[in-house]
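Structure first, then comments.
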2 protein chains.
Amino acid sequence: MDSTQLHLPEPALRRLPWYLSYAKLALERGETTVSSTQIAKDIGVEASMVAKDLSYINVTGKTRVGYSTFTLIEVIETFLGFTETHKAFLFGVGRLGGALLQDNGLRQFGLEIIAAFDVKFELAGTNINHIPIHYIDRMNELRQQTGVDIGILTVPINQAQEVADMMIQADFKAIWNFTPIRIRVPNNIVVQNTSIYAHLAVMFNRLRMNP
Amino acid sequence: MDSTQLHLPEPALRRLPWYLSYAKLALERGETTVSSTQIAKDIGVEASMVAKDLSYINVTGKTRVGYSTFTLIEVIETFLGFTETHKAFLFGVGRLGGALLQDNGLRQFGLEIIAAFDVKFELAGTNINHIPIHYIDRMNELRQQTGVDIGILTVPINQAQEVADMMIQADFKAIWNFTPIRIRVPNNIVVQNTSIYAHLAVMFNRLRMNP
DNA sequence: TAGATTGTTAATCGATTAACAATC
DNA sequence: TAGATTGTTAATCGATTAACAATC
């Protein structure tokens, strides 16, 4: 099974980091093997779903034993691309943008922000957490120098589409969209929408439904 | 149709904020009506899906015209609970926790963080953005004083379950979980998992699949 | 061997999409 | 009226769940 070409359902991809975190904690506790049934019980997911998700990636367990904790961590991390370094530009150094620049945790998951851009003149030339901030018009030039093709969108909503268009023009391949706007892109561009407010909507709704 | 008791699919709930942002931008541009077909075209979603999503909530459009932009904004905001104020406690004042405390945007979406807790003694008594930070052992007392029942979880992964258990013990009704850990909770507790790393996993995978 | 586990295949469930009737 | 739009109903699609065979 060539797992690098297999199309995984998005829900399955989102669950893999759970198993990864679980395995990491298990390793800390000194557990050398983990079984899918145990994972399922501990994180409240169907056992067959865990098994199915793990069958997508290139890892085999031992009957009556489970998976080697160490191998499982390694395989999931590699499969998800967390062991490589993906370079990215960040657009919009506001509160959220600034927080992402501060977050060294991203590097652990394979993402390195190497430059940030903003329209505020006073930010140009400064840096946050050793990441340089440039005025937006230098983007194309630096993009060509570095070959970066992932852009992180943390601008105000009324500039979201405009800045996304700029990225598309500059031949970016992926946009990580933190705005609550659904941006329009050609379908060869990968977009991940991460609007925390959408989660608030779901949370409030479920709270209201509860007895 | 009593929309307060209808069970909406989670994907639909997550799309509503898109329509809301779209309507807000349309209002800024001076458009007094928006049609579901136009929304669909502009944000790249099926028109029938937009219509279906909007049919869940208590809003009616006019044939040949669409929805009143103003009414649509009001109805979605109210339905999603963004017009009320939901009070919350935040647990774990690290980079991410600190960023959330700074983010006044949350208030616009109906969430107000009124206190934060941490195990670092040196943080107790300080505040961020006028929100007081307490040592963790004061949580129960303040919870009883304030009646807060939403907890935001931004602690390190090896403390995630422990702190979640503490919240459950203290009778919290909802946990907004920003850790990559899938926490175990009784099923009367509402959990929203917002791990940005899961989105990275999907993004890297889709990038690899692309031609 | 008995029992626990992996991992596949089939059945079910629910969301999305398509078709279309109703309306202005 | 013709055409654009809402909004519902039926068909399709895909993910989850259940059942179970294989393995140690």
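The values are calculated or read from the model by the stated rules, or taken from the named source; none is laboratory data. Since the model is a prediction, treat every value here as computed from it, not as a measurement. We place every Cβ from the backbone using ideal geometry, glycine too, and count neighbours over all the protein chains shown. The protein model used for the area step is the full one, side chains on, heavy atoms only, and it has no ligands, DNA or RNA in it. Shrake-Rupley method; radii C 1.70, N 1.55, O 1.52, S 1.80 Å.
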* Mind grabbing the accessible area of residue A:135 for me, 1.4 Å probe, Å², rounded to tens? => 60
* Under the rule of -39500 (n - 2.57) per DSSP H run of 4 or more residues, summed and divided by the residues of chain A, what mean residue ellipticity at 222 nm is obtained, to the nearest 500 deg cm²/dmol? -> -13500 deg cm²/dmol
* Could you work out how far apart the two model spin labels at residue A:87 and residue B:162 are, taking each label as a point 7 Å from the Cα in the direction of the beta carbon, and quote it in nm? => 4.0
* Structure fact -> For residue B:44, inter-copy label-point distances (7 Å, Cα→Cβ), nm, shortest first, read 3.3
* Given a 1.4 Å probe and every protein chain left where it sits, what share in percent of the accessible area of segment A:86-198 is carbon and sulfur? -> 48
* **10 Å Cβ neighbours from other chains, averaged over peptide B:29-38** => 0
* Pairing the Cα long axis of helix B:196-209 with the longest principal axis of chain B, what angle in degrees results, from 0 to 90 and rounded to the nearest 10? -> 50
* Asked: Just which residue of chain A brings its Cβ nearest the axis of rotation onto chain B, and by how many angstrom, rounded whole?
  -> A:99, 2
* **Degrees, to the nearest 10: B:69-80 long Cα axis against longest axis of chain B** => 40
* **Computed magnitude of the charge dipole of segment B:42-91 (debye, nearest 20; Cβ of K, R +1, Cβ of D, E -1)** => 140
* Ignoring ligands, DNA and RNA and using a 1.4 Å probe, state the total buried accessible area between B and A in Å², rounded to the nearest 100. => 6500
* List the residues whose amide H sits under 5 Å from the amide H of residue A:126, counting only those 5 or more places along or on another chain, with H placed 1.01 Å from N in the peptide plane. => A:133
* Structure fact -> Each residue of A:175-184 has, on average, a number of other protein chain C-beta atoms within 10 Å of its C-beta equal to 4
* Angle between the Cα long axis of helix B:47-56 and the longest principal axis of chain B, 0 to 90 degrees, nearest 10? -> 60
* Structure fact -> Once A:57, B:196 are ranked on solvent-accessible area with the largest value leading and a 1.4 Å probe, the list reads B:196, A:57
* Asked: Relative contact order of segment A:10-80: what whole-number percent is it, with Cα pairs under 8 angstrom and at least 6 residues apart?
  -> 40
* Structure fact -> Inter-copy distances for residue A:165, label 7 Å out on the Cα-Cβ vector, sorted ascending, nm, one decimal, are 5.4
* To do: Could you compute the FRET efficiency for residue A:210 and residue B:58, with r as their C-beta to C-beta distance and R0 at 22 Å, rounded to 0.05?
  => 0.60
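Under 1.5 on a/c is rounded, so check that first for segment B:86-198, then, if it is not, pick prolate when a/b is larger than b/c and oblate when it is not; a ≥ b ≥ c are the square roots of the alpha carbon gyration tensor eigenvalues.
rounded
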* Point-charge dipole on Cβ atoms (K/R +1, D/E -1) for segment B:80-211, about Cα centre, debye to 20 -> 520
* To do: Arrange the residues A:134, A:7 by how much accessible surface each exposes, largest first, with a 1.4 angstrom probe.
  => A:7, A:134
* For segment A:155-161, what does the Karplus curve 6.51 cos²θ - 1.76 cosθ + 1.60, with θ = phi - 60°, yield as ³J(HN,Hα) per residue in whole Hz, taken in order and with x for Gly and Pro? -> 8, x, 4, 6, 10, 4, 5
* What is the magnitude of the charge dipole of segment B:10-80 about its Cα centre, with +1 placed on the Cβ of each Lys and Arg, -1 on the Cβ of each Asp and Glu, and no other charges, expressed in debye to the nearest 20? -> 180
* Structure fact -> The simple spin-label model distance between residue A:140 and residue A:48, using points 7 Å out along Cα→Cβ, in nm, is 5.6
* Structure fact -> Among B:49, B:167, B:139, the residue with the largest mean-square fluctuation in a Gaussian network model of chain B built from Cα contacts under 10 Å is B:49
* To do: Give the nm distances, rounded to one decimal, from residue A:29 to the matching residue in every other copy, measuring between label points 7 Å along Cα toward the beta carbon; shortest first.
  => 5.3
* Taking +1 at the Cβ of each Lys and Arg and -1 at the Cβ of each Asp and Glu, which of B:47, B:19, B:73 sits farthest along the dipole of segment B:10-80 towards its positive end, judged by Cα position relative to the Cα centre? -> B:47
* DSSP-loop GluC sites (Glu not before Pro) across segment A:1-102, with at most 15 other Cβ within 10 angstrom -> A:31, A:46, A:84
* **Other-chain or far-sequence residues with amide H under 5 Å of residue A:90's (modelled H)** => A:115, A:116, A:117, A:152
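Given contacts defined as C-alpha pairs under 8 Å and at least six residues apart, what's the relative contact order of segment B:49-183, whole-number percent?
Relative contact order of segment B:49-183: 20 percent.
Considering only protein heavy atoms, what per residue accessible area in square angstrom results for chain A with a 1.4 angstrom probe?
Ligands and nucleic acids excluded, the result is 47 Å² per residue.
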